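S.K.: Okay, here's the structure, questions in a sec.
The values are calculated or read from the model by the stated rules, or taken from the named source; none is laboratory data. As the structure is a computational prediction, the values presented were derived from the model and not from experiment. Don't worry about glycine lacking a Cβ; one is built from the backbone with ideal geometry, like all the others, and counts go over all protein chains shown.
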Amino acid sequence: MVKKPAYEKLQERVKELEQENQEHKKKYEELTRLGPEAALLNELKESEQRMLETSALLECSQMILIHREFEQAARSIFDSAKVLIGATAGYVALLSEDGIENEVLFLDDDGLPCTVDPNLPMPIRGLREKAYRTCKAVFENSFSNSKWMEFIPNGHVTLDNVLFAPLTIEGKA
């Protein structure tokens with residue numbers, strides 16, 4: 001169960017996001033009426049992206065309030081983020097108590113070919129280790145040509161773009 005102060009803080013953030021979303025919608029509608037000049041089109045695209053991001057954050061905040069089980073909330077947030085960034089596949093995992101491997105909560109492979117045994121341990125190393133160590137999102141947009149490939153087992157699905165975003169609580173991943 002979420003502590004009451006944290007719940008109230010989350011509700012306040014939801015209200016802020018709703019307000020931001022309304023402001024972005026107004027700006028989007030305004031820019032749409034002005035015409036197709038290059039600068040306005042660029043501003044329109046940026047505004048639309050910010051609106052989508054704000055809407056996704058709002059939706060995710062609501063999912064945390066709706067779902068009492070972590071796995072359900074995590075899945076809803078994952079699905080929303082996957083659509084927002086255009087990801088094909090991904091997973092959510094929890095750091096093991098000893099901190100040496102990931103314990104997969106769920107995996108969405110989108111039917112991509114992979115012959116790696118899903119029951120094999122998933123050690124904390126490579127780009128994943130960097131995300132945990134820094135408590136920040138890290139990415140590689142040319143993963144298959146990167147130094148991180150040495151950590152990928154044979155038979156793994158081809159990875160073009162990779163993003164690791166650790167969930168942090170009180171400064172710890």
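S.K.: From (1) within 25 Å of ALA73 (Cβ to Cβ); (2) at pLDDT 90 or above; (3) in contact with a Pro (Cβ under 7 Å, 6 or more places away or on another chain), pick out the condition that doesn't hold for ILE100.
M.R.: The single condition ILE100 does not satisfy is (1).
S.K.: Continuing with the same structure: Looking at GLU43, is it surrounded by fewer than 17 Cβ atoms within 10 Å (Cβ to Cβ) and part of a strand (DSSP E or B)?
M.R.: no
S.K.: Okay, moving on. When you scan the range 84-104, how many residues do you find that are within 16 Å of the chain's Cα centre (by Cα) and farther than 18 Å from VAL162 by Cβ?
M.R.: The total comes to 1.
S.K.: When both residues are 6+ apart or on different chains and their Cβ atoms are under 8 Å apart, which pairs have a first residue that lies in the range 99-127 and is more than 16 Å from HIS156 (Cα to Cα) and surrounded by fewer than 14 Cβ atoms within 10 Å (Cβ to Cβ), and a second that is basic (Lys, Arg) and modelled with pLDDT of 90 or more?
M.R.: Once the first residue is more than 16 Å from HIS156 (Cα to Cα) and surrounded by fewer than 14 Cβ atoms within 10 Å (Cβ to Cβ) and sits in the range 99-127, its partners that are basic (Lys, Arg) and modelled with pLDDT of 90 or more give PHE106/ARG75.
S.K.: Still on this structure, I have one more. Quick check on my filter: what residues within the range 72-91 are of a type in the set (Val, Ile, Thr) and surrounded by fewer than 17 Cβ atoms within 10 Å (Cβ to Cβ)?
M.R.: Of everything in the range 72-91, those that are of a type in the set (Val, Ile, Thr) and surrounded by fewer than 17 Cβ atoms within 10 Å (Cβ to Cβ) turn out to be VAL83, ILE85, THR88.
S.K.: While we're here: Quick one: count up the residues across the range 128-173 that are under 18 Å from the mean Cα position of the chain (by Cα), more than 18 Å from GLU103 (Cα to Cα), touching a residue at least 24 places away in the same chain (Cβ under 8 Å) and outside any loop (DSSP other than H, G, I, E, B).
M.R.: 3
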